[in-house]
Amino acid sequence: MAPSLAYADDCGSAEQCVRNGVDQVSSTGTSMTVGSIIKIVVGILLFVLGAVCVAMIVIGGIKYATSQGDQTAVSSAKNTILYAVVGLVVAIAAYAIVNFVLLQFDIASAPTSPTLVAYSR
């Protein structure tokens, strides 16, 4: 990957841009609502929980394969797999519930910019 050049006006601060005569200074940040932040956090948590559940299923499978017929080890391995699957189902249900609540209370919608309405007498 080779670096590419960008020909843009870099004036440092907004005050310096105004002094240099730049017409508009665009915002570098994004406007986020509480709902969008909650959706991002819940999405990250769901990803982490999904990865942990998959890892626990793999660990349970390894425990099951190496149990050598020992009933306590087999039972422990089955419980590990069962609890991992139940945890994954609960995490997906929680994700669905959070999204449903955000949509019902209209929290997840992005902020809209004001519209101009023509005024006539």
> In the range 58-84, how many are free of Cβ contacts under 8 Å to residues at least 24 places away in the same chain, part of a helix (DSSP H, G or I) and among the polar types (S, T, N, Q)?
Replying inline: 5
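Per-residue answers, yes or no, for (1) closer than 30 Å to I107 by Cβ; (2) at pLDDT 95 or above; (3) in contact with a Ser or Thr (Cβ under 8 Å, 6 or more places away or on another chain):
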| site | (1), (2), (3) |
| --- | --- |
| A6 | no, no, no |
| E15 | no, no, no |
| R19 | no, no, no |
| V34 | yes, no, no |
| I37 | yes, no, no |
| A51 | yes, no, no |
| V85 | no, yes, no |
> Of N79, N99, which residue is at pLDDT below 90 and either surrounded by 12 or more Cβ atoms within 10 Å (Cβ to Cβ) or on the phi < 0 side of the Ramachandran plot (or both)?
Replying inline: N99
>> Checking A118 against (1) modelled with pLDDT of 90 or more; (2) outside any helix (DSSP H, G or I): exactly one of these is not met. Which one?
In response: (1)
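The values are calculated or read from the model by the stated rules, or taken from the named source; none is laboratory data. Computed from a predicted structure; not experimentally measured. Reconstructed Cβ throughout: ideal geometry from the backbone, glycine too, with neighbour counts over all protein chains shown.
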